[in-house]
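So the structure is just underneath, and the comments pick up after that.
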Amino acid sequence: MLKIGLTGGIGAGKSEVSGLLASYGAVVVDADKIAREVVAVGTPGLAAVVAEFGDEVLAADGSLDRPKLGAVVFGDPERLKALNAIVHPLVGARSAELEKAAGPDAVTVHDVPLLTENGLAPLYDAVVVVDALPETQLRRLVELRGMTEAEARARMGAQASREERLAIADYVIDNDGPLDELESQVRTLWETLLKRVAE
């Protein structure tokens, strides 16, 4: 099995790359998706979050109100640390389960937004960084995700710098151009990864 860490700044297009790799046959372990699963209604994860942050982080239907929780933890390192202490071990355990089920010849791609920030590069056989210029990220966040420029800059500022991400990359996907250019880069990467599995 080949374990790949996939990361990139918010708005860089990591989800697009992850989707393409999945379509080629990679087993994608999506940390964000799992992070939502482990705090779904009725889970011990949600109970732990409520115990730490109170009922005010719940929506009317009893689910986690992510924007409310985000407002509490973004900009407060101690509160963010408390949240991560609950969620990260649960995500790690679920990721390990998915990886185990993938089989020995699989290419598993761990889609981890905060791979750089949390010093996780050594856990993987290789790290793929999806890269885009900061102005490209900003434009996408404002135009495609409806964020204000201030919100987008705050989210970008809370992540590792572009230079820090590139410093840990074994492979870089440049996603400043059109989609067809992205597809050919990801196809080439996939072929390279398949060769590594076969070695």
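Listed values, structure above:
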{"item": "Difference of contour (0.36 nm per residue) and Cα-Cα distance, Met1 to Thr148", "result": "48.7 nm"}
{"item": "Between helix 179-198 and the chain: long-axis angle, C-alpha atoms, 0 to 90°, nearest 10", "result": "70 degrees"}
{"item": "Carbon and sulfur %, accessible surface of the chain computed with the full protein complex present, 1.4 Å", "result": "54 percent"}
{"item": "Translational D in µm²/s for the stretch 65-177 (Stokes-Einstein at 4 °C, 1.567 mPa s, Kirkwood Rh from C-alpha pairs)", "result": "80 µm²/s"}
{"item": "Tilt relative to the chain, helix 77-102 - C-alpha long axis, 0 to 90 degrees, to 10", "result": "50 degrees"}
{"item": "Residues whose placed amide H lies under 5 Å from that of Asp111, excluding near-sequence neighbours", "result": "Leu6, Val29, Asp30, Ala31"}
{"item": "Expected 222 nm ellipticity per residue - DSSP helices of 4 or more, -39500 (n - 2.57), all of the chain, to 500", "result": "-17000 deg cm²/dmol"}
{"item": "Under 16 Å from the Glu183 label point (7 Å along Cα→beta-carbon), backbone N, the stretch 1-33", "result": "16-25"}
{"item": "Ranked order, Asp30, Asp105 - accessible area, probe 1.4 Å, largest first", "result": "Asp105, Asp30"}
{"item": "Sequence-separation-based contact order of the chain, relative, with Cα cut under 8 Å and 6+ spacing, percent", "result": "37 percent"}
{"item": "Accessible-area value, Met1, 1.4 Å probe, nucleic acids and ligands omitted, Å²", "result": "90 Å²"}
{"item": "Spacing of the two label points (7 Å from each Cα toward its C-beta) at Lys195 and Ala102, in nm", "result": "2.1 nm"}
{"item": "Formal net charge of residues neighbouring Ser95 (Cβ-Cβ distance under 14 Å; K, R +1; D, E -1)", "result": "-1"}
{"item": "Surface per residue (accessible, 1.4 Å probe) for the chain, Å²", "result": "53 Å²"}
{"item": "Helix 44-53 axis, angle to the chain major axis (alpha carbon atoms, nearest 10°)", "result": "50 degrees"}
{"item": "Where Rh is the Kirkwood radius over Cα pairs, Rg/Rh for the chain", "result": "0.97"}
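The values are calculated or read from the model by the stated rules, or taken from the named source; none is laboratory data. In this text the structure is predicted, and so the values were computed from the model without any measurement. With ideal geometry, Cβ positions are generated from the backbone for all residues, glycine too; neighbour counts draw on all protein chains shown. The protein model used for the area step is the full one, side chains on, heavy atoms only, and it has no ligands, DNA or RNA in it. Shrake-Rupley method; radii C 1.70, N 1.55, O 1.52, S 1.80 Å.
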